Amino acid sequence: MHAVPVQHATSLLHLERLARFVDPLPIPRVLAPEGLRPDPSQPGRQIDFYRIALAETPVRVHRDLPPARMWGFAGSVPGPTIETRGQEPLLVEWRNQLPSRHFLPVDHTLCGAEPELPEVRAVVHVHGARVPAAGDGYPTEWTVPGESKTFYYPNRQDAALLWYHDHAMGIERLNQYAGLFGLFTVRDAAEENLHLPAGKFEIPLVVFDRIFSADGQLSYPISDTPGAPWVSEVYGDALLVNGKLFPYLDVEPRAYRFRVLNASNGRPYCLSLSNGQPFHLLGTDQGLLPAPVELRQLSLAAAERADVIVDFSQVVGQHVTLKSQAFELMQFRVAAGTRGKPYRPPARLRPVVRIDPAMAARTRTLTLNNYMDGHNGRMLMLLDGKRWHEPVSERPELGSIEIWRLVNLTEDTHPIHLHLVRFQILDRQPFDADEYLTSGALNVGKPVSPGPDEMGWKDTVRAEPGMITRIIVRFEGYAGRYVWHCHLLEHAANEMMRPFEVVG
Ligand code: C2O
Ligand code: CU
Ligand code: CU
């Protein structure tokens, strides 16, 4: 049975009639390992082994709605959290137990989703993980239902909030929309020594948007072109937190640490609290910032993460709503009590040594652009004008440092993600895209340095329109073939993804 997709991005379900803040915020459970297995890279050593099934999973997104059909990991959306420690490797067997037909509109004209291929395919990638290429979840190394793959995660990296998600070529946007993602936390002693709020005072918030049909089922928009349903972007009007619409969380009048992930296909968020109170940003994609940053608004593009402290000690007995512009996401209900001392985060978190641009072995200038695809008359998004199947053009040497200049010729912000590595943002240089397109001249204005909130290690960067975004990357870890792409999943699906190869 196939759900009938609607052609517009507004839920037919009357969201405004749904009672708000009636469901408690679900917290994804922390998964326990199945047991121990030999470490494939260190004979004689035993390491944790996890087994996780990808399967169809009904999810009750709201008290007053029937369960929605979704695809989840180990029976939930988001999947269970994998809690790990830096330097402690582990193995995960990802078992594809999905149905053989997709319930969302597969576009067989897209690269990697050709009609002769199995309709349902899946491969899991841990976003932000430094892993050997064989376990990175290369988009074409998918499994079909009934198969499984075991990947090795060495975890040789700093504490950070990573996340796992499907990456199957040509249908990743549908698989993630269906619910195939979860958190992967890396901890270490340096972070623990800061004594940040922990245990029940550390709460993950996985935010994602969806479109719902009148009967409360997921709906994914389609184009007007018969046989080619791909659409260029999807922005739903129903915003979920940890898989619920408008949940609430009872909190004590104290500081909480929230680990926030934007797991949307495309929607960016601008998070704030309804009472206008400030909060502290402690970390971003790849871990802690050098120092906390006080913010009243937090921008989070698709795939970005934020490590945030919210102090409820001064709002005893009040209700505070988490918002993104006009949207209400969830409510915090602060218990009654006596007002305590305001929370002061540690003044220093973790040093982030800036990489000296003079150390770069080379600088690559790479365009981000939209093209009209003559062949089927729709937009095609390319990285440096190249399609997925063209030969690998970015071949950095293992251990070398490079500067990548992302020249955005479009009107969109593209969250650009590189697998394997972490990087720093150097700056954003304004330039004239029209001039470049007509004459090839790249005249660059005064560079804009990243704010303190972008001074940490990143794995996804907002390449803004009218800007050349410069990142500096050390290609450390492993040699092999990985990918880089726009994390607007609809863009990535229509060729805004390229291989790169670290040469050892
Ligand atoms: Cu979130 Cu290619 O990854
Ligand atoms: Cu990734
Ligand atoms: Cu994009």
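Which of the residues that make up segment 381-404 are under 22 Å from the mean Cα position of the chain (by Cα) and in a strand (DSSP E or B)?
M381, L382, L383, W404
Of all residues in segment 223-255, which are open to solvent by 40 Å² or more (accessible area, probe 1.4 Å) and among the β-branched types (V, I, T)?
T225
So, in segment 452-474, of the ones that are over 18 Å from the mean Cα position of the chain (by Cα) and assigned to a loop (DSSP other than H, G, I, E, B), which residue ends up surrounded by the most Cβ atoms within 10 Å (Cβ to Cβ)?
M455
Please determine whether any residue of segment 363-370 is more than 30 Å from P226 (Cα to Cα) and within 16 Å of ligand 2 (Cβ to nearest atom).
No.
When you scan segment 124-231 for strands (runs of 3 or more DSSP E) that lie fully inside it, which ones turn up with 2 or more residues that are outside the structural domain of G112 (by TED's automatic domain parsing) and either among the charged types (D, E, K, R) or at pLDDT below 95 (or both)?
202-212
Could you grab me the full set of residues in segment 45-76 that are part of a loop (DSSP other than H, G, I, E, B) and either open to solvent by 10 Å² or more (accessible area, probe 1.4 Å) or among the charged types (D, E, K, R) (or both)?
Within segment 45-76, R45, R60, R63, D64, L65, P66, P67, A74, G75 qualify.
Do we have P430 as in a strand (DSSP E or B), assigned by TED's automatic domain parsing to the domain that holds E490 and touching a His at 6+ places or on another chain (Cβ under 7 Å) here?
no
Just the residues that are closer than 20 Å to W71 by Cα, crowded, with 24+ Cβ neighbours inside 10 Å and among the hydroxyl-bearing types (S, T, Y), please, taken from segment 127-176.
The answer is Y164, and nothing else.
Say whether the condition of being in a helix (DSSP H, G or I), touching a residue at least 12 places away in the same chain (Cβ under 8 Å) and away from ligand 1 (no atom under 16 Å from the Cβ) is met by at least one residue in segment 434-446.
Within segment 434-446, one or more residues are in a helix (DSSP H, G or I), touching a residue at least 12 places away in the same chain (Cβ under 8 Å) and away from ligand 1 (no atom under 16 Å from the Cβ).
Considering only segment 382-408, state which residues are farther than 14 Å from R364 by Cα, of a type in the set (A, V, I, L, M) and crowded, with 17+ Cβ neighbours inside 10 Å.
L382
Please go through segment 431-446 and give me each residue that is surrounded by 13 or more Cβ atoms within 10 Å (Cβ to Cβ) and out of contact with any Pro (no Cβ under 8 Å at 6 or more places or on another chain), ordered by number.
Result: F431, D432, Y436, L442.
It is to be established whether one or more residues within segment 432-454 are under 22 Å from M381 (Cβ atoms) and within 16 Å of ligand 3 (Cβ to nearest atom).
Yes: one or more hits.
Take the residues of segment 410-427 that are of a type in the set (A, V, I, L, M) and in a strand (DSSP E or B): which is farthest from ligand 3 (Cβ to nearest atom)?
In this case the residue turns out to be L426.
Restricting the search to segment 326-356, which residues are more than 23 Å from L289 (Cβ to Cβ) and touching a Leu at 6+ places or on another chain (Cβ under 9 Å)?
Passing the criteria: F327, E328, L329, M330, Q331, F332, R333.
Looking only at segment 475-490, decide whether some residue is open to solvent by 10 Å² or more (accessible area, probe 1.4 Å), among the small types (G, A, S) and under 26 Å from R378 (Cβ atoms).
There is no residue in segment 475-490 that is open to solvent by 10 Å² or more (accessible area, probe 1.4 Å), among the small types (G, A, S) and under 26 Å from R378 (Cβ atoms).
Among the residues of segment 405-433, count how many are touching a residue at least 60 places away in the same chain (Cβ under 8 Å) and either within 23 Å of M372 (Cβ to Cβ) or away from ligand 1 (no atom under 16 Å from the Cβ) (or both).
Number satisfying all stated conditions: 10.
The values are calculated or read from the model by the stated rules, or taken from the named source; none is laboratory data. Fair warning: this is a prediction, and the values are worked out from it, not measured in the lab. Positions of Cβ are generated from backbone atoms using ideal geometry, with glycine treated the same way; all protein chains shown enter the neighbour counts. Ligands, DNA and RNA are stripped out before the accessible areas are found, and what is left, the full protein with its side chains, is counted by its heavy atoms. Shrake-Rupley method; radii C 1.70, N 1.55, O 1.52, S 1.80 Å.
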